[in-house]
Amino acid sequence: MAAGHGAPEGTVNFRDVGGMPLIGGGAVRAGVLFRSDALSGLTPEGGRRLADTGIGVIVDFRTPMERQLSPDRLPAETEFRVVHLELLEGALNGLADQALSAPGAHAEAAVEQALARLPQLSALYTSMLAHGAGVFAEFTRVVADPPAPAADREAVLVHCTAGKDRTGVSVALVLDAVGVQREALIADYASSEANLAGAWADRMFGMIAAMGIPRTPALEELIAQTPASAITTALEWVDREHGGSAAYLRSGGATEEDLGRLRQRLVG
């Protein structure tokens, strides 16, 4: 499901990962795992559409501060089980803190220093992977054995803020672990950039400008871009350091049983 085609109103980067081709033939099952940007802009109509998808479990990778500033707007008439798996504060959070906390005379210098320290997405992802194996393994368990509120609502939706970084890495890991073709999962990751372009990105850049932070190429990449090279570098790190995504998830605590259930859920 491409964003904008059947996606709940109020989201821009929502999609079903079903249909992605497997290395040995076949495809990922539809209606099992969805990914999205935050649900803080969900409209009443969007809430009804979300309830119709079969999604019963929502994994939110955002930090408590992010959730407080932009809480998800879930339809009150539908029960969802929400799993909070906080993963990194992120480079942008630190940049915002610098802009808002430094005294006026030093704010510009503080922002410049913070901008100079902004990592490239590939470095952000490898850092995320180096420190987040336990969180990614827990995400794997949720997808493999979802704590669904009802038997007919076992689909899982994962999101962060943009639905491209924390969400992108986590989805790439589980898809890679069950044997999705690398080219396909890289293309899925990269498609988020077009989804976020326009009103969503403009709003984010407007918020950054309001804090007195200049718009730079590095900042544009972190906020709204998804170059294929970033997720490729991340997966190459996983291959080099752990021997593949399944082994990486095992290093974080996922068991063979977890991975078997994951494959059964996503592949059948």
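The values are calculated or read from the model by the stated rules, or taken from the named source; none is laboratory data. This structure is a prediction, so every number in the text was calculated from the model and none was measured. With ideal geometry, Cβ positions are generated from the backbone for all residues, glycine too; neighbour counts draw on all protein chains shown. Just the protein is used for accessible areas: all its heavy atoms, side chains included, with ligands, DNA and RNA removed. Shrake-Rupley method; radii C 1.70, N 1.55, O 1.52, S 1.80 Å.
Measuring nothing but protein heavy atoms, the accessible surface of the chain at 1.4 Å probe radius is 52 percent carbon and sulfur.
Applied to region 63-78, the Karplus parametrisation 6.51 cos²θ - 1.76 cosθ + 1.60 on θ = phi - 60° returns per-residue 3J(HN,Hα) values of 6, x, 5, 4, 5, 5, 6, 9, x, 5, 9, 8, x, 5, 7, 10 Hz, with x for Gly and Pro. Using only Cα atoms, tell me the angle between helix 104-116 and the longest principal axis of the chain; keep it within 0 to 90° and round to the nearest 10. Value to nearest ten degrees: 40. Under 5 Å from the amide H of residue 181 lie the amide H atoms of 22, 23, each residue being 5 or more positions distant or on a separate chain, with H modelled from the backbone and absent for Pro and chain starts. Expressed as an acute angle from 0 to 90° and rounded to the nearest 10, what is the orientation of the C-alpha long axis of helix 91-101 relative to the principal long axis of the chain? Tilt relative to the chain: about 30 degrees. Rounded to the nearest 5, what is the percent of antiparallel bridges among the DSSP beta bridges in the chain? Looking only at bridges with both residues in the chain, the antiparallel portion is about 25 percent. Under a 5 Å amide H cut-off, with hydrogens placed 1.01 Å from N, residue 58 pairs with 81, 82, 83, 157 among residues at least 5 apart or on other chains. With a simple spin-label model that places each label point 7 Å from the Cα along the Cα-to-Cβ direction, the separation between residue 183 and residue 77 comes to 4.6 nm. Based on protein heavy atoms only, the chain ends up with 43 Å² per residue of surface accessible to a 1.4 Å probe. Each label was represented as a point 7 Å from its Cα along the Cα-to-Cβ direction; for residue 207 and residue 151 these points are 4.1 nm apart. Taking all Cα pairs closer than 8 Å and separated by 6 or more residues, the relative contact order of the chain comes to 26 percent. Near residue 36: Cβ cut-off under 14 Å, other residues only, Lys/Arg at +1 and Asp/Glu at -1. The net charge is 0. Relative to the longest principal axis of the Cα atoms of the chain, the long axis of helix 199-210 makes an angle of roughly 30 degrees.
Where only DSSP H runs of four or more residues are counted, the chain gives -15500 deg cm²/dmol as its mean residue ellipticity at 222 nm, each run worth -39500 (n - 2.57). Under 5 Å between amide hydrogens, built in the peptide plane, is the criterion, and for residue 13 it picks out 37 among residues at least 5 positions away or on other chains.
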